[in-house]
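Some notes on the structure that comes next.
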C-alpha cells in the first residue's frame, strides 16, 4: 500500500487547473443548490419532494428514460456492430450522423418529432390509423424523444471496444467448434459489457434530466406525462425557489447514484474479466 | 509540421481565452454605466413582456421611437424579451435588467416589486390601474364548430377535448381558470359543485402546455383538441393567420384581463433611463398607440377609440376578421380580479401548492 | 485468411434494421426541417436566414461555443493528465464530479447559475458593485454552455492516456525533461486525434444547447438570444418557415462539424498506419 508520488512532474499545475475550473463551473454552483434547499426544514423538504404529483413526475421521467435507454442499448449494439464488422454502402454516412442528436438543439428535435408524430403527422397518422396508437402527447412520445437524444451514447462507447477486440480470439473460438452465437456470448459480449453498461447509464442519466425536446412532445398532463424537470420549472414560475431546488437536489442525487452504480459496475466487470484472463 | 500546427492552435486557443475573458467582463461593464445618457446618443431601453405581445410591441416600438425622436430629438432603441409572464417576472426579480415590464397580470409585476425593484404604488403610476389595454378570454373552435361548443358548460361534456395552458406556469391560463370558475358560480353552483365542474373541465384537457403560445401551437399547428381557451388577442391572431380554419366563440361570461405595466425603478435609475421609461409607458395611452393596440386585438382603454372598434353582435360566433375592423364584442358579462379578492387572494385560494387547482388533480 | 463465418442473412437484416432506425429517428426529422424551411421558396428562406436578429443569434452561439471549447480543452487536458498520470486520494470522486454535468438536467444547470449569481445570491452585491452582470448576459450563456459540455474532452482523452500508460513520461522525467517538454514531446502526439475528436463533439453539443441557456438568458432579442432560443421565439411567433430555416443553419453547422470529424479521423488513421 505504498502510494509513492509519481516521478512525472506537473502534478501541481494539472491539479490546480482541474480543481479551479471544476470548482468555478461545477462545485460552487452546485453548492448553491444545497444552500437554497436548506432553507426548508428537513420535514418540509421530505414533504416537498414526496408529494404525489412530484413522485409521479420522477416515475414518468425514470420509466420513459429506462425504456428509451434499453431501446438504445439494442440499437446501439447493432449499429456499433455493423459499423465495425461490415462493409456496405452508406457506412461512412451512418457513422457521420450518429452524433447529430448532440448537435441538433433539443428544442428543434422536439418540435420536429412532435410534428411528425401527432395523429396527422407523417409517422403519427400511420400508427394512429393502423393501430390506433397515439404517439405525441403520450408517454410513447416522450420515449421517442428520449431515444432520439440517447442514440450516440451506446454506439460511441461500444464501437471503440469492439474495434479493439482481436479477431484471433473469435477465430480460435471458431476453430474450437463454437458457433456464432456461442462466440458472441462467450467471447465478445464479456469484452463489450462494460462499454454497454457505461453507454446505458450515461444515456439513462441524460434522458432523466432531458427537458427541451420533451416539453414539446409530452402534453404535460399531471400524473400522465408531466416530467420531473417540468415540475422544477413550474415551481420556479410560482416563485418557490426552495421547492424547485429541493426537487432539483433529488434529481441530482439520482444522477450521482446512477454514475456511482456505473462506476461500481465497471470495477466489478473489469475485475471479473481480468480475473478470468 | 503537423505537430507544430496543432500546438500552435492550442497556444492560440489559450491566448484567446485569456483575452476573451477580459473582453467579456469589460463588455458587460458597459451595460451598467451609471451616468445618464447625453443628448445625441441612442438610448437603449429593455422591455420585458409576456408571450402574446410580440406583434403589438414590434409595432409600438416603431411608433414610440418615431415619437420620441420628434419630441426629444433622441433615438431610442428598444430590446424586447418575451416569455411566460411568471417566468419573465421571476427573471427580472433575479437580475434581468429590464427598464420596464409589461406583464400579463398585476400579480406578476408585484413579484418584481417584492424583490425591491419597483417602488410601491405602481398600479396608480399610470391611468386605469396601469393597464393601458385589456383583453378577455374567448374560445377558439375549428371551422363550422363541429362539436357545438357555445359556452363554458360545453367544455365539461365528455366528448370535448380542451386545450389550455397550465395555470401554474402561465398567466393567461390563470385568467382561463378564473373565468370558468366565475361561470359556474353564476350558474348558482356551490363551491364543491364548482370544483367538481372545474375538475371535469381539466379532465378534458388533452395538452396542458406551459405557456399560452405553446397551447395555441398545439391547437392550431398540431390539431389537438376541439377547443382552445385563449386570450382574445391570440384568438383573433389565429383567425388572421389561418383564415377560414377557425371560429371564435364568445362565451356568456368571461373576465376582464388587465395586463399591467410598470417602470422598474431601480434598474431605470441605474441606467439613467427613468424619464424615457416613463414616457414609453405613458405614450401607450396616446391615441396613436391605442389605435395600434386595437389593431393588434387588444381592447384599448380610451373610450372613443374603444367605441370605434365595437360592433353589435347578433350571434356569439365570429368566423372572420370583420372587414370594417370592428371586432370588439361588447355583449359579455365580464368579471374582474377584484371579484376573487385581488391577486394575492386568488393565488392563495386557487394556484398555490395544495390549493384548489392542485386538488382537482388529486386521485 | 478470415475464418469468421460471414452470415449474409444476419448482416443484411442488421443493416436494414439500422437504416430503418436511423432513417426514422434521425433523417426524418432532418428532412422535415428542410422541407418546412423551404415551404415559402428559396427567397423566403434566404430572407429568414439573413434576418438581422438571426445573424446576431448565430454570432452569439458561435461566441459561446468558442469559449466553451477553449475552457473545456484546457480543463480536459489538465484533468485527463491528472487522472491518468498520478495516483492520489479522491481520484474516483474527482472523475465522478467531472462526469456529473452530462447527467445533470439542463434545467438544473441553468438554475444553479441563477442561484449563484442572481439577485438573491450573496455574491450579487459584490459583482454588482463592479458592474459585472453574469446571468441574463453573455457570460452566463458561456458558463452554461461550458457546463453542459464539461466532460466531453476529458472523457475522450482519458481512455487513450490510460492505454498509453506512464512509462514514456517516466523515462522522459528521469532524463530531466520538464512538464512542458514531456507534454509536448511525449504525451501530446498520443492524444492529438482524441483531442480533436473531443473538440468536435464539444463544438457540436455547445451549438445546440437549449435548456440550460434558456433558463438564464433572459431572451433579450438581439442581445442574449442564442440560435436555439431564437428558433423557439420564431416558432412561437407562428413563423414556422423562419424557425425551421434558422434550424437548418444549425443542421448545416452540425453536418460541417461532423464531416470535419470524419476527415480528422481519416488523417489520424493514416498517420497511425505510417507509424506502424
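The values are calculated or read from the model by the stated rules, or taken from the named source; none is laboratory data. Being a predicted model, the structure only gives us computed values, none of them experimental. Positions of Cβ are backbone-derived with ideal geometry, glycine not excepted, and every protein chain shown enters the neighbour counts.
Looking only at region A:243-271, count every residue that is within 18 Å of residue A:46 (Cβ to Cβ) and either free of Cβ contacts under 8 Å to residues at least 12 places away in the same chain or within 11 Å of chain C (Cβ to nearest Cβ) (or both) and tell me the total.
11
Could you look through region C:215-242, keep only residues that are assigned to a helix (DSSP H, G or I) and touching a strand residue (DSSP E or B) at 6+ places or on another chain (Cβ under 9 Å), and pick out the one that is modelled with the highest pLDDT?
Checking each candidate, the answer is C:233.
Of all residues in region A:180-208, which are within 9 Å of another protein chain (Cβ to nearest Cβ) and closer than 30 Å to residue C:106 by Cα?
A:201, A:202, A:204, A:205, A:206, A:208
For region A:57-69, which positions are surrounded by fewer than 20 Cβ atoms within 10 Å (Cβ to Cβ) and in contact (Cβ under 8 Å) with a residue 12 or more places away in the chain?
Selection gives A:58, A:62, A:63, A:66, A:67.
Identify the single condition in (1) within 14 Å of chain C (Cβ to nearest Cβ); (2) out of contact with any strand residue (DSSP E or B) (no Cβ under 6 Å at 6 or more places or on another chain); (3) in contact (Cβ under 8 Å) with a residue 12 or more places away in the chain; (4) outside any loop (DSSP other than H, G, I, E, B) that residue B:217 does not satisfy, given that it satisfies every other one.
So residue B:217 meets the others, but not (3).
Can you tell me which condition residue C:92 does not meet? The list is (1) closer than 30 Å to residue A:147 by Cα; (2) within 7 Å of another protein chain (Cβ to nearest Cβ); (3) not in a helix (DSSP H, G or I), and all the others hold.
(3)
Is at least one residue of region C:104-117 within 30 Å of residue A:62 (Cα to Cα), surrounded by fewer than 18 Cβ atoms within 10 Å (Cβ to Cβ), at the interface with chain A (Cβ under 7 Å from one of its Cβ atoms) and out of contact with any strand residue (DSSP E or B) (no Cβ under 9 Å at 6 or more places or on another chain)?
no
Without any contact (Cβ under 8 Å) to a residue 24 or more places away in the chain, assigned to a helix (DSSP H, G or I) and away from every other protein chain (no Cβ under 12 Å) - does that describe any residue in region C:23-41?
yes
When region A:226-254 is examined, which residues are found to be farther than 20 Å from residue B:86 by Cβ and surrounded by fewer than 23 Cβ atoms within 10 Å (Cβ to Cβ)?
A:249, A:250, A:252, A:253, A:254
For region A:171-182, name all the residues that are more than 18 Å from residue A:77 (Cα to Cα) and not in a loop (DSSP other than H, G, I, E, B).
Selection gives A:171, A:172, A:173, A:174, A:175.
I need the full set of residues from region C:118-131 which are surrounded by 16 or more Cβ atoms within 10 Å (Cβ to Cβ) and within 8 Å of chain B (Cβ to nearest Cβ), in order please.
C:118, C:119, C:124, C:131
Going residue by residue through region A:156-179, is there one that turns out to be buried (at least 24 other Cβ atoms within 10 Å of the Cβ), in contact (Cβ under 8 Å) with a residue 24 or more places away in the chain and more than 9 Å from chain C (Cβ to nearest Cβ)?
yes
Listed here are the residues, each with its yes/no results for (1) touching a helix residue (DSSP H, G or I) at 6+ places or on another chain (Cβ under 7 Å); (2) on the phi > 0 side of the Ramachandran plot; (3) at pLDDT below 90.
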site: C:41; (1), (2), (3): no, yes, yes
site: C:68; (1), (2), (3): yes, no, no
site: C:85; (1), (2), (3): yes, no, yes
site: C:122; (1), (2), (3): no, no, yes
site: C:128; (1), (2), (3): no, no, yes
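I'm told residue B:70 meets every condition in (1) assigned to a helix (DSSP H, G or I); (2) at pLDDT below 90; (3) within 31 Å of the chain's Cα centre (by Cα) except one. Can you identify the failing condition by its number?
The one condition residue B:70 does not meet is (2).
Of all helices (runs of 4 or more DSSP H) completely enclosed by region B:247-363, which ones contain at least 2 residues that are within 14 Å of chain A (Cβ to nearest Cβ) and surrounded by 14 or more Cβ atoms within 10 Å (Cβ to Cβ)?
It comes to B:342-346, B:356-360.
For the structure I just gave you, tell me whether residue C:197 is in the same structural domain as residue C:144 (by TED's automatic domain parsing), part of a loop (DSSP other than H, G, I, E, B) and farther than 23 Å from residue C:136 by Cα.
no
Rundown of residues vs (1) more than 14 Å from chain A (Cβ to nearest Cβ); (2) in contact with a helix residue (DSSP H, G or I) (Cβ under 6 Å, 6 or more places away or on another chain); (3) touching a residue at least 12 places away in the same chain (Cβ under 8 Å), yes/no style:
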site: B:64; (1), (2), (3): yes, yes, yes
site: B:70; (1), (2), (3): yes, no, no
site: B:78; (1), (2), (3): yes, yes, yes
site: B:83; (1), (2), (3): no, no, yes
site: B:95; (1), (2), (3): no, no, no
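Mind counting the residues in region C:212-239 that are within 7 Å of another protein chain (Cβ to nearest Cβ), farther than 14 Å from residue C:61 by Cβ and touching a residue at least 60 places away in the same chain (Cβ under 8 Å)?
Residues that pass the stated criteria total 3.
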